[in-house]
Each structure stands twice: as C-alpha cells, then as structure tokens.
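As structure tokens, the structure follows; a few thoughts come after it.
We did not get these values from a lab; they are worked out from the coordinates using the rules stated. Since this is a predicted model, take the numbers as computed values, not measurements. So basically every Cβ, Gly included, is an ideal-geometry build from the backbone, and we count neighbours across all protein chains shown.
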Amino acid sequence: MTVDSSATRKPRRSAAGKAGTTGSKAGSAGPQRTARATRAGAQESTEPQLVQLLTPGGERVENAENAAYEPYVAAITPEELRGLYRDMVLTRRFDAEATALQRQGELGLWASLLGQEAAQIGSGRATREDDYVFPTYREHGVAWCRGVDPTNLLGMFRGVNNGGWDPNGNNFHLYTIVIGSQALHATGYAMGIAKDGADAAVIAYFGDGASSQGDVAEAFTFSAVYNAPVVFFCQNNQWAISEPTEKQSRVPLYQRARGFGFPGVRVDGNDVLACLAVTRWALERARNGEGPTLVEAYTYRMGAHTTSDDPTRYRHDDERAAWEAKDPILRLRRYLEASNHADDGFFAELESESEALGKRVREVVRAMPDPDHLAIFENVYADGHALVDEERAQFAAYQASFADAEAEGV
Amino acid sequence: MALAKAINESLRRALEADPKVLVMGEDVGKLGGVFRVTDGLQKDFGDERVIDTPLAESGIVGTAIGLALRGYRPVVEIQFDGFVFPAYDQIVTQLAKMHARSLGKVKLPVVVRIPYGGGIGAVEHHSESPEALFAHVAGLKVVSPSNASDAYWMMQQAIQSDDPVIYFEPKRRYWDKGEVATDAIPGPLHRARVVREGTDLTLAAYGPMVKLCQEAADAAAEEGKSLEVLDLRSISPLDFDTVQASVERTRRLVVVHEAPVFLGSGAEIAARITERCFYHLEAPVLRVGGYHAPYPPARLEEEYLPGLDRVLDAVDRALAY
Ligand SMILES: Cc1ncc(C[n+]2csc(CCOP(=O)(O)OP(=O)(O)O)c2C)c(N)n1
C-alpha cells in the first residue's frame, strides 16, 4: 500500500464534507462548514488531508485550515499538556507490559495499541464524565482516560472472564470483538440520550476494516436519520489484520460520512492535540443537537494485529520505520521541551511512575485467580432459568464426585 | 498431512481443475488465512481467484451468491465461528432457499468454510459450535470432517455439490496429521463411518469429538469394555442408517458434540434412534456436550467441553441400565 507521508507536510485541508442535513446552530464555535463545502470537489484525491496541530518535529501548526479547531485547545495549559503526555507514556507502558505478559504465558492473547496512543488519549480526554464510550478491543488508552483500572482490561485476554468491568461504572462499554457491532449500540444509546433531553454525547470506536461492515453503515444511517448525538471515531491504523485500507474502501474513509449526510474529518491520529481538538469539536456538535460526525484518525498500528499475528507475511519493515518518525509520544515531548513546559524532573518522575505501573500490572495479573467452575452458569439469564439450574446442579454433583473419589482413594 | 494442509491441497486441486472455483474471505490472500488454510493459493492462482474481501461477512456470502448465480463456484472463508452471524441472514434467507424458490432452476454451489469449536484458549466468539443453527435450515448441507483424509475429500465433494455446503472445520484438529490418498475414490459425502468396531456401546460424534471418542474407546478397552465409534461426518443430511445398524449391534448409544446439548444435533439423533431402535435399546440414548450457557472464558473451557471423563461417565451410566 502507499502510505502518504503528508503528516510531515503542512496539512492543506482540515476537514471535508458538507455539514449534515441538520444545519449548524447559529453562532456555534464549529468550523466554517459552508466555506469548506464549496471546495468539496477538490477532495476526491485519495491523499490524506489531515488536521494537524503538532508536526512530528513537535512544532505547532497554525494555519487557516486548522483555525476552526484551534479554539478547542486554545486554553490548554502546560499542566494539561503534561497530563496528555503522561497518559500516553503510561498507556504505552501498560501495553508493553501486557505484550510481555502474553509472551510469558500469563495472557492468552493481546491486542496492542502501540502507535495509537495519541488517537486514543486525545479523543478519550475530549469526553465528559457523562458521555458514553463504546470501544472495540484495542481501546486501552480510552479506557485509561475513562478511569477504568487497566488491570481490569486483562481478564478477558487472560481468559478468566468475557468482560471484566461494569460498563456503567465509568460509562465505558465492554470490549466488542464482533467487528462493527458496537457502532449500532452507540447509535441507539445516543438516540436514548436525545429522547431523554440530556446533553451528553456518545463516542464509538472502530477500525478501518470495520468500516466495511453492514452494522457500521447501518449505524451511519440511523444516526443521521435520527440526528443522534454520536461521534464515530475510526482509527485508521492502515491494516485490518493483513488487509490494507484499500481492500476496504476506494475513498478516504472520512469522506464516507458525506453520503450519509453528516460531516467527516480526517485528523492526524499521531497528534494528540489535534485529536483532542477535533473530538471536542465533534462532541460539541453532538451536544448542540447537530447530529453525528465521523472522525477518521489517520494513524498506524506499530505492532502485530494481535500477539497471534505475523505481520512479516504482509507488510514491510520500512513502512513501520516511516511511521516511527511520526511517533505520537516523541512529538509531544519535543513540543514540551521546546516550549519549556516540562523539565527533566517531570520526565524522571514519570519514568518511575511508569515502572511502578508496570510492576503493579505484572503483580495483579499473576495473582489473578481462575474463576470458580460454577461461574459457567452465572448470569446466563437475569431472571434465572430452569434448564440452567438443572445443568448447574448436575455439573456440581459431577465435579463433587471427583473430590469424593479422591478422598476415598487416599 | 495435517488436516489444515489437506484442506489447502484440496482447494488447490479444485482451483486447478475448474476455473470457476474461487476462494474468498478476509485475509485469505497474502496471509493465507489466520489458520494458514489458504496459504500460498493466492501466490499461485492470483488475486482474481483467491480474493481478499472487505471485512464484511454478509458481503462475502451475499456476493458469493451472486457469483454462483453467474456460474462460479465460490468457497468462502468465515474467519471464526462467532463471526458467521453477520452473514447468517444471507445464508438462511437466500443461500438456503433460492433453489426451491426458483423451482429448481437456480443452483447455488457455494461452500462456506467455518473453523469452529473450542479447545484453543481463545477469547469469546472464537470457540463456538453453531452447527445446529445451520442444520435446522432446509436447503443447506452441513458437514464436518474429523481427519485429514476426510477434510480433503469432503472439500472436493462440497465444491462439486450443486447445493450450498456449510463446511465446519474442527480448528483444534487443524494440526493433526493423517494419511491422505489423493487418488482414492471417496464414499458419499453424507455417509457415516465406523471408525472402530465394538460390541457394548456406540459412541457417535463428528468433527473435533471423533478423536476424543476414539480415546475414550481406548480407555474403556482397558477396563474391558468394547465401544464402537462412529464418525457421522455429515450433520445434514445425517446418516441414520449407519447409526441404526450400529445401535442394533451394541444396543446403547452415546452422542458426543461440543455444541450445547439442548436442542442440538444429539437431540435429533436421540429422538430418531429411539424411534427406529426402541426394542433394541438397553438404555436411553445419552448426550454429552456443552451447557445452556455462553461459551465460557478460556480458563473454564476444559470444564465446559466434553472431555474423556465426561464421555466415560456417560458410557458408565448407559452401561448401568
Ligand atoms: C465480524 C467479525 N469478522 C471477523 C473478525 C476477525 N477479526 C478480528 S480483528 C479483525 C481486523 C479488524 O481490523 P480493523 O477494523 O481495521 O481494526 P484494528 O484491529 O486494525 O484496530 C478481524 C478480521 C471479527 N472479530 N469479527
């Protein structure tokens, strides 16, 4: 596949797509959609057109195209910037630890987010406490932003449960493995918010591959028709296991939104600031009753699809190297250093915090007990069910017969 | 040859023999599928014959139907059992019924390959056994090989069949090796096979559970019990004649499958065999299989799946009547 290196250039355009059928509120702080719409004809190229606020070299980009999103990060403080940096570093550390634990046999599988930290932290930090997040299975950074203890994410990959947290505890839904399903759940949840007259919003995560699923297209249809307050956050990490994005789509993914009647924006997914700004903008649109938005975070999966995948069969190392130069963490570090927003003490402290997190994750995972055998029958129904009760009793008796036999044996 | 390799060789032979045969699915090309079942096929037959599809199961089956209407013979791969459901609508409402609706004018020679079953320590939706959901639908053939030779030949026959075939591959047996005589003349696709003769009881299974039943028969033999083992091979149609003949000899039947027992294929076998063999049976037909519960997380799957102990326990119970 051709990977455009435009992230290293000045972005030429910030966003595309005509505003949805719902019209924007007068005086809203959103971008000037009509102005962009007049140039829609120029967008048909497949070249990435990115909203980028920080270059890979760590320099701030200020131009007319970005102007619409600038207000969403204009007031950001050095402390908040350090916070974003901290989030990304700790998330990467957690992810590395989980990958190592899989190699050591403590986890059955791991889906690494390496390289996608900015997309996840930027968008995750844009959410409000009462917003609701529908992740797929790789959103460890978003979970972090929502306050889900990272060790809770590991139970499913260790094989001790099929979820691991209370979705309503942090408004962070369970991971969804069937590709694309959650886009519809997110839309329905958002429809509910609108019916309730609440002003929260919903964000649904999925990958570039998922954009091919019928469920995702149907979510686009429903959200547009019902003007649901939902943001579709597609992390285009270039690959769906072995298939490059062009096996899913002939047009840049963000342009899909236009056909459904709502705006789509492509953002540099390795630029945490741009991801924060664009997601804040999109969530605000949702809250203001302006309906759905598709955000395509253009990024790269630095590792394998999961620990059972072998990317050497389908992609070249030089592609990875090109993306390494756009590393999301390094980029913010350069900016923090150049602007004197962080000193050596901050980085040193974060390093030891990171060590401590790694240690805690290792300890918690190794101590994670296997579930009780009878857990098979737990929560199959909310109301209970006679057949399950019967099978549970048979199973328990059968298990007990081994214990009895062992006791008699000695 | 390993079972996965046998399917690969069979697909290769079909692609060579008939230019209308196509292989389609997610990651089937360069990667060779997540289980490498299609390894090397795209390299040799090109991406017009071995097609990496968008990530869309309804799309995969729906377009395969269209290609079949146009004279092609698509063999599509669904990556894992739990991901067939986006395509279930196309399979059940369209693929299964078009022959009947067209008064026999339309044939849909589509093979849907589904790696299925548990025992590999996977996360959810990667270990299920949904065969009953397909066997319940008229118009579909549903088969599952248990060994490399059958994997090879049943794939040949599935591709040659003018009916849609749901071809369930026992993923935990992919790496099991067996002889494949590629110039043999195979028996009919739907015919069950006596894998091992015995006199005291019949164990009937298909796919991943056949090997387990053979192990159970070995273990029982050490205790002086003689078990007959049947490999059903095809779930729809199901070869009740072979099962009946066996039960008339042994007078006892235990059916083993990974899928939940409730309303599963074992229930159908138990009912029919009870009808056919009522006066021969010395014990009720017993079933060993999954529970009425979602497939559990990996650390519990050994409890959930039928293992040697559960099969032998059922054997003991049947023999105790
Ligand atoms: C319905 C369905 N089909 C197939 C799969 C197997 N599968 C798991 S992840 C994946 C690729 C997903 O790619 P993408 O949507 O781009 O997300 P990414 O993993 O790259 O973040 C596939 C094919 C699945 N989980 N669900």
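List of remarks:
- Ranked A:I329, B:I269, criterion: other C-beta atoms within 10 Å, fewest first: A:I329, B:I269
- Comparing A:A64, A:A397, A:A210 in a Gaussian network model of chain A, where Cα atoms under 10 Å apart are tied by springs, the biggest mean-square fluctuation is seen for A:A397.
- Charging the Cβ of each Asp and Glu at -1 and of each Lys and Arg at +1, and nothing else, the dipole of the range B:49-188 about its Cα centre rounds to 500 debye.
- Integer Hz, Karplus 6.51/-1.76/1.60 couplings in order for the range A:197-204, x for Gly and Pro: x, 7, 10, 6, 9, 10, 10, 10
- For A:H373 and B:F262, a Förster radius of 25 Å and the Cβ-Cβ distance give a FRET efficiency of 0.80, rounded to the nearest 0.05.
- Highest average first, the peptides A:94-107, B:177-190, B:73-86 ordered by how many other beta carbon atoms sit within 10 Å of their residues are B:73-86, A:94-107, B:177-190.
- Taking 37 °C and 0.692 mPa s as conditions, chain A diffuses translationally at an estimated 147 µm²/s according to Stokes-Einstein applied to its Kirkwood radius (Cα pairs).
- Compactness of the protein assembly as shown is given as radius of gyration and Dmax, 28.0, 91 Å, from Cα positions.
- Kirkwood hydrodynamic radius of the range B:16-74, from inverse mean 1/r over distinct Cα pairs, in Å: 11.5 Å
- Whole-number percent relative contact order across chain B, with pairs defined as alpha carbons under 8 Å at least 6 apart: 15 percent
- Each Cα pair under 8 Å and six or more residues apart adds its separation to the average, and for the range A:109-168 the resulting relative contact order is 31 percent.
- The range A:231-308-the range A:361-403 distance, computed between alpha-carbon centres (Å): 40 Å
- Pairs from the table (A:K247/B:K30; A:K247/B:K97; A:K247/B:K107; B:K141/B:K177; A:K247/B:K5) lying more than 21 angstrom apart at Cα are A:K247/B:K97; A:K247/B:K107; B:K141/B:K177; A:K247/B:K5.
- Residues A:S223, A:S308, B:S58 arranged by fewest to most Cβ contacts within 10 Å: A:S308, B:S58, A:S223
- Simple point charges give the picture: +1 on the Cβ of Lys and Arg, -1 on the Cβ of Asp and Glu, and for the protein assembly as shown a dipole about the Cα centre of about 2700 debye.
- Within the shell of other residues whose beta carbon sits under 12 angstrom from the beta carbon of B:A192, the net charge comes to -2, with Lys and Arg scored +1 and Asp and Glu -1.
- Under 5 Å between amide hydrogens, built in the peptide plane, is the criterion, and for A:A204 it picks out A:F134, A:V231, A:F232, A:F233 among residues at least 5 positions away or on other chains.
- Cβ charges +1 (Lys, Arg) and -1 (Asp, Glu), total dipole of the range B:258-321, debye: 200 debye
- Only helices enter the 222 nm calculation for the protein assembly as shown: every DSSP H run of n ≥ 4 contributes -39,500 (n - 2.57), and dividing by all residues gives -11500 deg cm²/dmol, rounded to 500.
- Positive-pole candidate from B:P306, B:V84, B:G118, dipole of chain B, charges at beta carbon: B:V84
- Long-range amide H partners of B:A259 with built H, under 5 Å: B:G290
- Shielding score for A:384-392, defined as the mean number of other chain Cβ atoms within 10 Å: 3
- Listed peptides A:400-406, B:92-98, A:337-343 by packing density, highest first (mean Cβ within 10 Å): B:92-98, A:337-343, A:400-406
- Derived scalar couplings ³J(HN,Hα) [the range A:311-325; Karplus, 6.51 cos²θ - 1.76 cosθ + 1.60; whole Hz; x for Gly, Pro]: x, 5, 6, 9, 9, 9, 4, 5, 5, 4, 4, 4, 7, 4, 5
- Here's the picture: charge each Lys and Arg Cβ at +1 and each Asp and Glu Cβ at -1 in chain A, and of A:I241, A:A325, A:A190 the one pushed furthest to the positive end of that dipole is A:A325.
- Each part gets one Cα centre, and for the range B:189-206 versus the range A:167-187 those centres are 45 Å apart.
- For residues of B:81-88, the mean tally of beta carbons on other chains within 10 Å: 2
- Within the range B:172-194: backbone nitrogen closer than 20 Å to the B:D163 label point (7 Å, Cα to C-beta): B:186-193
- Highest GNM mean-square fluctuation among A:V364, A:V89, A:V267, for chain A modelled with Cα contacts below 10 Å: A:V364.
- Gaussian network model of chain A, Cα within-10 Å springs - most flexible of A:F222, A:F262, A:F395: A:F395
- Within chain B, the proportion of C-alpha pairs whose separation exceeds 26 Å stands at 45%.
- Anisotropy class assigned to the range A:122-206 is prolate, per the alpha carbon gyration tensor with a/c at or over the 1.5 cut-off and a/b larger than b/c.
- Each residue of the range A:212-217 is assigned a 3J(HN,Hα), and the resulting list reads 7, 5, x, 4, 5, 4 Hz, derived from the Karplus form 6.51 cos²θ - 1.76 cosθ + 1.60 (θ = phi - 60°), x at Gly and Pro.
- Spin-label pair B:A320/A:R60, simplified geometry with 7 Å Cα→Cβ offset, distance in nm: 7.9 nm
- Neighbouring partner chain Cβ atoms per residue of A:240-249, average, 10 Å criterion: 5
- Highest average packing first - B:12-23, A:378-389, Cβ atoms within 10 Å: B:12-23, A:378-389
- With eigenvalues of the C-alpha gyration tensor scaled by 5 and rooted, the range B:1-110, Å: 24, 16, 12
- Cα-based shape type of the range B:81-209, given that a ≥ b ≥ c are square roots of the gyration tensor eigenvalues and the cut on a/c is 1.5: oblate
- Shape of the range A:78-181, Cα gyration tensor, a/c cut at 1.5: oblate
- Compared with the alpha-carbon gap, the fully stretched path from A:D317 to A:E80 is longer by 81.9 nm at 0.36 nm per residue.
- Farthest positive-ward along chain A dipole, Cα basis, beta-carbon charges - from A:L84, A:Y72, A:G122: A:Y72
- Shown here for the range B:26-75: GluC sites (Glu not before Pro) in loop regions (DSSP other than H, G, I, E, B) with at most 13 other Cβ atoms within 10 Å, namely B:E48.
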